[in-house]
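Structure first, then comments.
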Amino acid sequence: MPLDRLRLATSTRPGSNDGRPALNPGGSSSGAGTAASFWAANVGTETSGSILTPANQTMLVGIKPTVGRVSRYGIIPITADQDTAGPMAKYVADAALLLGAMEGAAPDPNDAATSTCTPPPNRDYSVHLKRDGLKGARIGIPRAFYFDKFTVPGEKDPRGGLSDTQAKAMADAIEILKAQGAVIVDPADIPSIVDADATNNFLTWNTCSGSDGAKGQDANCSVVFKYGMKRDFNAWLATLDDTGPVSTLTELRTWNLAHQSRGAIKYGQANLDVSDEMDLEKDKPRWEADRKKDIHLGATHGIDEVMKAQKLDAILFPGASGAGIAAKPGYPTVIVPFALVANAPTPAFPEGFEAKPIPYGVSFTGMACSEPRLIELAYAFEQASKKRVPPASAP
């Protein structure tokens, strides 16, 4: 795509003149080099979507592991409650190989979460690359919100749902699953998504972030991100030697402000600001309460409840749409490239800008430590579909 046309697509759309591209790379782990075959695979880091979303946008396989499957020691954190590193590759086999290489043979004393999952023998996931991995597998379809529009308690207008081309892609994916012997449980709605009690509904419980999530405005959102960022970033800085320019989050914010004229905070630092205002002692009870609610809505009353009730092997999410709910309890997901769908945002692109179709993957999500089974499902689906398309050369 010529650069001038890309700029036209962003600068003239109302509310979209902040540099957003026609196709958002999806986070801090773009994987563009992997998609372009500069290398075989790359490592992404995710708190809530930064492996799955860029993998979806660049037509890659992404494995977002259970939090603790891979040591986070040395990685700059957002919050240890949800952070994890994970592999991105063109094919499931490559991603599975890299996951095994990233996983430690024993728990890392520097990361207590690494005792959560037991590594497979020799950390070898290749035994789970089974072409018949879908045979008899029970796959749940979370229709409400993720596939079909859904009206949240207390609101008038419905949310979520898929576009026509996205819906067609997912219908095709479901037919492939059936043809490979999977049992499709449809619907398998997530209880915390359809709960009529707004106080017990995942969709009404946001994450406090940016200036809108500052103290005094954070009564109805989770402080886990902003509390964890201060706690864990300060702890990470403490592991460095004394040669670093800053030793606390407060010092980083001050340094950024002092160097603002040199572009240190071109896009602002609102998330750092709202994080730094947290008092790690006085606000700890609030973090504990919000963390408990996150896990309740994401897992206990969410993914766990529907998977146990329906005896599911996995939940099937369109694209990377399940990243947010799975991130709360730190659950794993494997996304597989599948389709190309219409790039038709709201507001629309300017007249005359002909956006090419964009990648759209299929995600398999499970409960903690279910990566071996998810890899089986993802590999069988990949081999049955083989829909990945490498990026086209620029004209």
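The values are calculated or read from the model by the stated rules, or taken from the named source; none is laboratory data. Computed from a predicted structure; not experimentally measured. No Cβ is skipped: glycine too gets one built from the backbone with ideal geometry, and neighbour counts run over all protein chains shown. All accessible areas refer to the heavy atoms of the entire protein, side chains included, with ligands and DNA or RNA removed. Shrake-Rupley method; radii C 1.70, N 1.55, O 1.52, S 1.80 Å.
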To the nearest 20 debye, what is the magnitude of the charge dipole of the chain about its Cα centre, counting +1 on the Cβ of each Lys and Arg and -1 on the Cβ of each Asp and Glu? 820
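If R0 is 51 Å, what FRET efficiency do you get for residue 178 and residue 115 from their C-beta distance, rounded to 0.05?
Details: r = 38 Å, r/R0 = 0.75.
Using R0 = 51 Å, I get an efficiency of 0.85.
Per residue, how many Å² of accessible area does the chain show with a 1.4 Å probe? If you can, show how the numbers build up before the last one.
On the way: 18520 Å² over 395 residues.
Accessible surface, normalised per residue, equals 47 Å².
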Dimensionless Rg/Rh of segment 236-307 - Kirkwood Rh, Rg from C-alpha atoms: 1.16
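How long are the three semi-axes of the equivalent ellipsoid of the chain, in whole Å, if each is the root of 5 times an eigenvalue of the C-alpha gyration tensor, listed from largest down? Walk me through the numbers before you get to the answer.
Working: eigenvalues 193, 139, 113 Å².
After diagonalising the Cα gyration tensor, the semi-axes are 31, 26, 24 Å.
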How much length, in nm to one decimal, is gained on full extension between residue 255 and residue 351, taken as 0.36 nm per residue of separation minus their Cα-Cα distance? 30.2 nm
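Cβ neighbours within 10 Å, averaged per peptide: list 319-330, 130-141 in order, most packed at the top.
Working: 319-330: 24.3, 130-141: 18.5.
Taking the mean over residues of other Cβ atoms within 10 Å, the ranking is 319-330, 130-141.
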Rg over Rh [alpha-carbon atoms, Kirkwood Rh] for segment 170-211: 1.24
Residue 386 versus residue 149, label points 7 Å from Cα toward the beta carbon: distance in nm? 3.9
Assuming R0 = 41 Å, what is the FRET efficiency of residue 241 and residue 220, from their Cβ-Cβ distance, to the nearest 0.05? 0.50
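Between residue 131 and residue 212, what length comes free when the chain is fully extended (0.36 nm per residue of separation minus the Cα-Cα distance, one decimal in nm)?
24.4 nm
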For segment 104-190, give the percent of accessible area contributed by carbon and sulfur heavy atoms, probe 1.4 Å, rounded to a whole number. 50
Would you mind pulling out the separation of the Cα centroids of segment 200-256 and segment 355-395, in Å? 32
Could you sort the peptides 53-61, 89-97, 143-151 by per-residue average Cβ neighbour count (10 Å cutoff), highest mean leading? 53-61, 89-97, 143-151
Straight-distance crosslink candidates among lysines, where the alpha carbon sits under 17 Å from residue 230 and sequence neighbours closer than 8 are dropped: 215, 282, 284
Of 199, 331, 113, which is farthest on the positive side of the dipole of the chain, counting Cα position, with +1 on Lys and Arg Cβ, -1 on Asp and Glu Cβ, and the Cα centre as origin? 331
Within segment 336-379, whose backbone N sits under 20 Å from a point 7 Å along Cα→Cβ of residue 38? 359
Going Cα to Cα from residue 90, which lysines come in below 18 Å? Please leave out same-chain ones fewer than 8 positions away. 64, 130, 386, 387
Expressed in nm to one decimal, what extension gain is obtained for the pair residue 124 and residue 248 from 0.36 nm per residue of sequence separation less their Cα-Cα distance? 40.7 nm
What ranking, highest mean first, results for peptides 238-250, 365-377 when packing means the other Cβ atoms within 10 Å averaged over each residue? 365-377, 238-250
State whether segment 66-128 is rounded, prolate or oblate according to the following rule on the C-alpha gyration tensor (a ≥ b ≥ c being the square roots of its eigenvalues): a/c under 1.5 gives rounded; otherwise a/b larger than b/c gives prolate, and the remaining case gives oblate. oblate
